[in-house]
Each structure stands twice: as structure tokens, then as C-alpha cells.
Amino acid sequence: MVIQGYPDPGDGLRLHLNENTGGCSPRVLEAIRRVSPSDVSTYPSYPDAVRATARHFGVDPDWVLLTNGLDEGLLMTAVGHIARPRVHDAETIIPLPAFDPYPNATAAVGATAVRVPPGPEFAFPTQAVIDAITPRTRIVFLNTPNNPTGQLIPVPDLVRISQAAPGAVVLIDEAYIEFGGTTFLPELPRFPNVLVGRTFSKAYGLAGLRVGVVIGQPQALDPVRAVTLPFNINGVALAAIEAALSDTEFLPRYAAQVRASRDKLYDACRRLGLPFWPSAANYVLVRVGEAKPFVDALAARKIHVRDRSKDPVTAGCIRITAGIMEHTDAAIEALEDVMATRQGR
């Protein structure tokens, strides 16, 4: 039997989906408690949440489209720029390793994914991406920090690619940018072909409410808006957006925990002899060798991490969410125990 949704790993710490391990701001819960019966029984109104989001990101409200998680924004970008105009022989460019919704959205609209392998140690292949651009290119998917490696794409490289693809939409996915790196948003007025994707799922802890944002000039955003369903965000989520943005202390406090957790994971990996990649996101990619038994051993200790070994680009790797320190300490204790067992100590 196939049941909708991502498999539940069971009891234990959820360090496998890059969620906010500290929860959401208390203001979000207060806002949810204030939702009235009529708020639930009527279709939601979007302008207040859109304006609050636009103020937060420093853009015009006309440049903002709220989506049901950033995943919907990725899919609707493909629909709006490839399926709706019925572009034949369309291609998307996907640097590897990549977030699964990029190839999934490409396949959903009947386009061809042009996959570009990374450089040594997952270095971003800027020139190879530019070389892959052709008249058939409709979307270039760029992820910074990258999921799953945590590697950043330098802003000058994002600029070079955007300049090299004037006939395509360059979608810059910044789902984890709050944890490290520099946003492309200040450059956006120069590029009518660029969309920036953001999410409230990670840094703000609203993954269960499913709210994403696609930001861009009308030339790139209007085709996406045209195919996005009119009531795609529920009223409870809209209330949560404004509350989350109003708590200006929550995000910096949690981001500091993430940075400290990453450093602690790095130290543990060095001590245990496990190769890893320094990350600008809220997770760390670690090479453990044969990954599935390692993941199962951690799960037996109630620590759930992501097995990335099915992707040949990240063979032998697992991804561990870096959240609040208490959870990181528990993960490190489990890592040490698994490694001791593996080495027969």
C-alpha cells in the first residue's frame, strides 16, 4: 500500500529533513489561537500577508507570490514557463547534486533535464552551467546553499549565469540562505529573467504550514502567477507568516544555534575520521561509507538522518540536520556509539 506523504521515521530526533528542530516562534502559536471560526469557514485574503512579506524582503508587493511551500513555486515555474506556452523540446539545467523537485518539475511538464556534474569537492561548476545554456533552455535551477552539500554559489557567479541566459528563467533557490551566505535579492532589479525562491519552512519553523515565496519582476513572475491556484495558502498559514515576521529575535537566535551545531558536528567528524563538507545551511553532509547500515544503526538509537547514498553524486553520504545544541549533542553521542561498534571497540 502506498500512502501519501513522506515516510514517518518513527520515534526519535528528526534530523533527516532539515526542519527547524527548535519549533516556531511563540508568536506564531498565539496567532493561530486567534484564528476565528469565520477565518476557517471563508476563503483566505492574501494582501496583508503579501505586503508583510514584501516589506520583509525589501521588494514591491507585485514581485511577491506566496506558494504552498517552495515546492509548489518550483512546479508552477515549470508549468508557467514551459507547459502553459507549450514549449516543445524545452530543457532545464540542473547542477548536481540537486533537490529532487527540480527534475520532478522538469519531468512533469515534459521537458528534458540537462544535468551538470559538480567540480572537485562539490565545487559549483559555473562555466559548465553557462556552457550548457542553449536556445532550448527555459529554466536554470540554482540552489544556494546547495541541498545536500551546503555549498554556496558566489553572487558574482549567479550574476554571470543570469546574464548568460536572457531567454530563460533563472530560479535561484535560497531556501537555506538565512543560515549563511548572501542573498541575490539586491541584484534582482537588474534581472527581469530571475526568480528568487524563499521558504518559511526552515529558519522560521513553519514546515507543517507549507508556505513558500517566489520573488521576481513581472516578466518572470506573471507566468507563474497565472497558473498558481487562487487559494493555494490556507488562512492559518497566512496568519502565521505575519506573526513569524514580527518576531525579529527568533531567527537570529536560532541561526546562532545552527552555526554552533555545525561547528560541533565538524569537530565530531574530525575526531571520528569521517569526511564532511563545511556547510552554509542547517545541515552537514558526511561520508560514512556504506550508508544504509549506518542510517539504520542511528535510527536504532532514535536519531534519524538522511541517507543520500542513492544519488551517485553523493554515494556513501548521509545528511545530518544541525539545529539546537541539545539535539546535536544527542546526534554526536549516537555517531560516536555507532563508530565504536563499527570499529569493534
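The values are calculated or read from the model by the stated rules, or taken from the named source; none is laboratory data. Just so you know, these numbers come straight off a predicted model, no measurement behind them. When we count neighbours, we look across all protein chains shown, and the Cβ atoms used for this are built from the backbone with ideal geometry, even at glycine.
Here are the numbers for the structure shown:
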{"item": "Residue count for the range 294-330, restricted to those that are farther than 22 Å from Thr341 by Cβ and either touching a residue at least 40 places away in the same chain (Cβ under 8 Å) or in a loop (DSSP other than H, G, I, E, B) (or both)", "result": "10"}
{"item": "Breaking point among (1) within 30 Å of Thr149 (Cα to Cα); (2) out of contact with any helix residue (DSSP H, G or I) (no Cβ under 7 Å at 6 or more places or on another chain); (3) not hydroxyl-bearing (Ser, Thr, Tyr), for Ala83", "result": "(1)"}
{"item": "Residue under evaluation Arg342, criteria (1) modelled with pLDDT of 95 or more; (2) among the basic types (Lys, Arg); (3) out of contact with any helix residue (DSSP H, G or I) (no Cβ under 6 Å at 6 or more places or on another chain), criterion not met", "result": "(1)"}
{"item": "Tally, over the range 82-108, of residues that are over 21 Å from the mean Cα position of the chain (by Cα) and surrounded by 24 or more Cβ atoms within 10 Å (Cβ to Cβ)", "result": "1"}
{"item": "Verdict on Asp62 being among the charged types (D, E, K, R), closer than 19 Å to Ala220 by Cβ, out of contact with any Lys or Arg (no Cβ under 9 Å at 6 or more places or on another chain) and in contact (Cβ under 8 Å) with a residue 12 or more places away in the chain", "result": "yes"}
{"item": "Residue list for the range 103-155, restricted to those being among the small types (Gly, Ala, Ser) and without any contact (Cβ under 8 Å) to a residue 60 or more places away in the chain", "result": "Ala105, Ala107, Ala108, Gly110, Ala111, Ala113, Gly119, Ala123, Ala128, Ala132"}
{"item": "Qualifying residue in the range 285-293 (condition: over 24 Å from Tyr176 (Cα atoms), free of Cβ contacts under 8 Å to residues at least 24 places away in the same chain and surrounded by fewer than 20 Cβ atoms within 10 Å (Cβ to Cβ))", "result": "yes"}
{"item": "Top-ranked residue in the range 159-190 [being of a type in the set (Ser, Thr, Tyr) and without any contact (Cβ under 8 Å) to a residue 40 or more places away in the chain; ranked as farthest from His81 (Cα to Cα)]", "result": "Thr182"}
{"item": "Conditions (1) in contact (Cβ under 8 Å) with a residue 24 or more places away in the chain; (2) not assigned by TED's automatic domain parsing to the domain that holds Asp307; number of the one not met by Pro37", "result": "(1)"}
{"item": "Checking Leu75 against (1) free of Cβ contacts under 8 Å to residues at least 40 places away in the same chain; (2) touching a Leu at 6+ places or on another chain (Cβ under 8 Å); (3) among the aliphatic types (A, V, I, L, M), the condition it does not meet", "result": "(2)"}
{"item": "In the range 1-31, the residues that are buried (at least 16 other Cβ atoms within 10 Å of the Cβ) and part of a helix (DSSP H, G or I)", "result": "Arg27, Val28, Ala31"}
